[in-house]
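Peer 1: Here it is, the structure in full.
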Ligand SMILES: N[C@@H](CCC(=O)N[C@@H](CS)C(=O)NCC(=O)O)C(=O)O
């Protein structure tokens, strides 16, 4: 498999963890999201993903999959062990809800595209952009903190898709200096995940394109 990735992309980070947990070998095709206005905007990458975002995953048969949660569910279907979604429909819906709280409600507001738009098109100061970033992470984490009881992972004793979303979001929050002291449960679940080699190997600084 080939993963189109950027070391700091949290959506790609989610997929890297899934590939590692499933023990799937993959090659990284690094797409720099910042240099020259973003190599993801080049026509050759647009043919891979018309949305011009990472991750994209090329399967051995040449299919190209986009959207991290769809990719993770695909990997879970072709390599069911260890499962990333519980079998019970209620537990499954709860895992998807936490994953979506992060991937659909926090992450898109803090993504490189919207942040660049705030700066370059709307002319916002860096301080306003940082306040925006912090606001949406804090609001999302306040809800998440109330929803979880880590044991030790977000949804119990097994890692789920929700943890794959959590760890990259916490990494980003730390990088952008969002205070996490009000979120002891989130910090605990993150620490539990990071003890696992699959999470460790997926860290941004461990990637071939890390800077
Ligand atoms: N919902 C998508 C988000 C993908 C996404 O927005 N990726 C970011 C990096 S984390 C990206 O490629 N941004 C490039 C840009 O906005 O120019 C997913 O989960 O895969």
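Peer 1: Would you pick out the residues in region 1-33 that are in contact (Cβ under 8 Å) with a residue 60 or more places away in the chain, near the ligand (Cβ under 9 Å from one of its atoms) and farther than 28 Å from residue 158 by Cβ?
Peer 2: 6, 33
Peer 1: Would you mention how many residues in region 142-198 are under 23 Å from residue 22 (Cβ atoms) and either within 14 Å of the chain's Cα centre (by Cα) or outside any loop (DSSP other than H, G, I, E, B) (or both)? Let's see the steps before the verdict.
Peer 2: So in region 142-198, the residues under 23 Å from residue 22 (Cβ atoms) come out as 150-171, 189-198.
Pick out the ones that are also either within 14 Å of the chain's Cα centre (by Cα) or outside any loop (DSSP other than H, G, I, E, B) (or both) and you get 153, 156, 160-171, 189-194, 197-198.
Qualifying residue count for the region: 22.
Peer 1: Given 65, 85, which one is in contact (Cβ under 8 Å) with a residue 60 or more places away in the chain and either out of contact with any strand residue (DSSP E or B) (no Cβ under 7 Å at 6 or more places or on another chain) or within 13 Å of the ligand (Cβ to nearest atom) (or both)? Even if it seems obvious, please write down each step before you answer.
Peer 2: On the way: 65 fails: in contact (Cβ under 8 Å) with a residue 60 or more places away in the chain.
Residue meeting the stated conditions: 85.
Peer 1: Could you tell me whether residue 95 is in contact (Cβ under 8 Å) with a residue 60 or more places away in the chain, away from the ligand (no atom under 12 Å from the Cβ), in a helix (DSSP H, G or I) and touching a helix residue (DSSP H, G or I) at 6+ places or on another chain (Cβ under 7 Å)?
Peer 2: yes
Peer 1: Oh, and also: Restricting region 1-60 to residues that are touching a strand residue (DSSP E or B) at 6+ places or on another chain (Cβ under 8 Å) and more than 28 Å from residue 197 (Cα to Cα), which is surrounded by the fewest Cβ atoms within 10 Å (Cβ to Cβ)?
Peer 2: 51
Peer 1: Is it fair to say residue 75 is more than 12 Å from the ligand (Cβ to nearest atom), in contact with a helix residue (DSSP H, G or I) (Cβ under 7 Å, 6 or more places away or on another chain) and farther than 29 Å from residue 176 by Cβ? Write out each step before concluding.
Peer 2: Working: more than 12 Å from the ligand (Cβ to nearest atom): yes; in contact with a helix residue (DSSP H, G or I) (Cβ under 7 Å, 6 or more places away or on another chain): yes; farther than 29 Å from residue 176 by Cβ: no.
No; evaluated as a whole, the condition is false for this residue.
Peer 1: Here's another thing I want to ask about it. With respect to residue 85, determine if the residue is farther than 22 Å from residue 38 by Cα and under 13 Å from the mean Cα position of the chain (by Cα).
Peer 2: Working: farther than 22 Å from residue 38 by Cα: yes; under 13 Å from the mean Cα position of the chain (by Cα): no.
Considered against the rule, which asks whether it is farther than 22 Å from residue 38 by Cα and under 13 Å from the mean Cα position of the chain (by Cα), residue 85 comes out as no.
Peer 1: Within region 103-129, which residues are part of a helix (DSSP H, G or I), surrounded by 15 or more Cβ atoms within 10 Å (Cβ to Cβ) and more than 10 Å from the ligand (Cβ to nearest atom)?
Peer 2: Listed by number, the residues that qualify are 106, 109, 118, 129.
Peer 1: While we're on this one: With the condition kept exactly as written, say whether any residue in region 34-48 is in contact with a helix residue (DSSP H, G or I) (Cβ under 7 Å, 6 or more places away or on another chain) and near the ligand (Cβ under 8 Å from one of its atoms).
Peer 2: Narrowing region 34-48 to residues in contact with a helix residue (DSSP H, G or I) (Cβ under 7 Å, 6 or more places away or on another chain): 39, 45.
Retained after the next criterion (residues that are near the ligand (Cβ under 8 Å from one of its atoms)): none.
No - not one qualifying residue is present in region 34-48.
Peer 1: Considering only residues of region 199-211 that are assigned to a loop (DSSP other than H, G, I, E, B) and more than 12 Å from the chain's Cα centre (by Cα), which is surrounded by the most Cβ atoms within 10 Å (Cβ to Cβ)?
Peer 2: If we filter region 199-211 for residues that are assigned to a loop (DSSP other than H, G, I, E, B), which is where we start, we get 202-203, 207-211.
With the extra rule that they be more than 12 Å from the chain's Cα centre (by Cα), the set shrinks to 207-211.
Numbers: 207: 20, 208: 10, 209: 14, 210: 11, 211: 10.
Selected residue: 207.
A short reminder: the numbers here are calculations on the coordinates, not readings from a lab. As the structure is a prediction and not an experimental result, all values here were calculated from the model. Here Cβ is always computed from backbone atoms with ideal geometry, including for glycine, and neighbour counts include all displayed protein chains.
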